[in-house]
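Below is one structure, written out as structure tokens; comments come after it.
The values are calculated or read from the model by the stated rules, or taken from the named source; none is laboratory data. Predicted model only: the values in this text are computed from it and were never measured. Cβ sites come from the backbone with ideal geometry, for glycine too, and all protein chains shown count toward neighbours. Each accessible area value is taken on the protein alone, full model and side chains, heavy atoms only, with ligands, DNA and RNA left out. Shrake-Rupley method; radii C 1.70, N 1.55, O 1.52, S 1.80 Å.
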Amino acid sequence: MNQPLRCGLIGGGGIGDRHLKAFEALEREGLAKLVCVADPAVERLAAIKLALEKRGVHWYANYQQMLEESDLNAVSIATPIPMHSRMAAAVLARGRFVYLEKPPVPLIQQLIDLTALDHRQKVSVGFQLISSSQIRQLKKWKVEGALGTIQRIFVSASVPKTTAYYQRADWAGKMMLNEEPVFDGPATNGLSHLLHSVMYLAGEGFEEFDLPVEVEGELYRARPLESYDVACMRGRTTTDVSFCLALTHAAEASPFHLEIIGSKGRAWVSKKGEEVGNDCGLTSPLPPYSDAFFISCREFVEFAKGNRSRAVTRLVDTRGYMLLSNGILISSGGIHSIDPQYLRTVGQGGEERYVVEGLAELIRRSTSEGKLFSEMDVPWARRGNVISVRSLRSVRLQDYMSH
Ligand SMILES: NC(=O)c1ccc[n+]([C@@H]2O[C@H](COP(=O)([O-])OP(=O)(O)OC[C@H]3O[C@@H](n4cnc5c(N)ncnc54)[C@H](O)[C@@H]3O)[C@@H](O)[C@H]2O)c1
């Protein structure tokens, strides 16, 4: 296709702002044209709406009306998690390409259903971290054998979230909203890129993703949420790579560190993904830090225009992420509240955040030693069960909501 891809966006606020900026850049490159946006928050987003209308972009309060009335090739969906499944199904029913924000859906059965609807593989999931040149460099080393046989991948991250973050939307910090699954939390929303990146890096070919076979997980809440804000997990993939992740929104800030250990040496991405390194003398001809979000949007447009043979992350490629994220909830047996004696709060009002005493150090030790919190003499930690996830086809969130 030589013409710019005609695109619509569902969800113009929140992360929609980054989609709008990406569309502006893609328009400048002549690759795409943003035709319309759908978002019912007309008053809250009045200034954005006005600016778009001046550029000839039509605003709809109702996404179904937008889909009915607009002549589009592709639609980006940047709405709250509980809406993804029905919105993606509605766009697919009209035969259009879809860029679906991560996580695609919260539950494995929803992924199975949506994947069946997407039999022409038109959906691209916005797990943009794997489009970063740093993660791709690790994958290249792995696929080319520079790291030898991959034995272990571990990831730690502490990204504090404030009260304002949890108050920004009715679905934040929830397991369910109006009977729809949400499963919000660091492993399943804010830092979900890291779970998906582990499945990507463990996958054998450059475009292949691995699946977990066995999973152990522990989910905790520091802040009084319905959902969780502290997670650790461990497991093994079909290619016999073991992995361990510890992630939180309730400790002092510590940007993510992802490390692969192979028989020939180690390689890592750290400093929020800006730095890539190794201890086996490999040179990395990396371009300067580039915006993975924009690259991911551009890769989607190139795919929808027929210039790439497949989406970077198809729905089917998120099966590993989904089995892992759903498996840790089952393994944990729900979400355990951390006793207030182990917590403190920092800041006031909207800036208030929760800190679990010593958690930043625990996260670092957990991943480097491959131990779960319950194996580290932590008074609030509760051991989960080892879960075999390969044949997992359904999870009921309702079964894991009390504690
Ligand atoms: N890729 C990333 O780095 C990244 C970063 C942040 C959020 N996200 C993802 O983006 C999605 C949205 O997150 P958010 O924090 O921006 O959410 P949000 O609650 O701020 O909502 C985003 C927008 O969707 C709109 N919306 C709500 N209902 C709608 C409807 N029925 N039709 C159309 N629009 C509707 C809201 O008015 C809002 O403007 C989530 O899946 C989240 O995980 C991705």
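Some points to look at:
- Verdict on Phe243 being aromatic (Phe, Trp, Tyr), open to solvent by 10 Å² or more (accessible area, probe 1.4 Å) and part of a strand (DSSP E or B): no
- Whenever a residue of the range 384-396 is over 19 Å from Pro181 (Cβ atoms), its partners that are among the polar types (S, T, N, Q), lying with C-beta atoms within less than 6 angstrom and at least six residues away or across chains, give the pairs Gly384/Ser331; Gly384/Ser332; Asn385/Ser331.
- No other residue among Ile112, Ile150, Ile135 is touching a strand residue (DSSP E or B) at 6+ places or on another chain (Cβ under 9 Å) and open to solvent by 10 Å² or more (accessible area, probe 1.4 Å) apart from Ile150.
- Conditions (1) modelled with pLDDT of 95 or more; (2) closer than 30 Å to Glu204 by Cβ; (3) away from the ligand (no atom under 11 Å from the Cβ); number of the one not met by Leu26: (2)
- Residue match in the range 51-63 (condition: under 23 Å from Phe303 (Cα atoms), more than 15 Å from the ligand (Cβ to nearest atom) and modelled with pLDDT of 95 or more): no
- Taken together, the criteria place Val75 among residues that are modelled with pLDDT of 95 or more, over 18 Å from the mean Cα position of the chain (by Cα) and more than 9 Å from the ligand (Cβ to nearest atom).
- Across the range 174-212, the qualifying residues are those that are within 22 Å of Phe373 (Cβ to Cβ) and away from the ligand (no atom under 16 Å from the Cβ), and the one among them that is nearest to the chain's Cα centre (by Cα) is Val198.
- Neighbours by Cβ (under 6 Å, 6+ apart or cross-chain): first from the range 72-84, more than 14 Å from Leu9 (Cβ to Cβ) and in contact (Cβ under 8 Å) with a residue 24 or more places away in the chain; second open to solvent by 10 Å² or more (accessible area, probe 1.4 Å) and not in a loop (DSSP other than H, G, I, E, B): Pro82/Leu177; Pro82/Glu180
- Between Ser337, Ser309, the distinction of being open to solvent by 10 Å² or more (accessible area, probe 1.4 Å), at pLDDT 95 or above and touching a His at 6+ places or on another chain (Cβ under 9 Å) belongs to Ser337 only.
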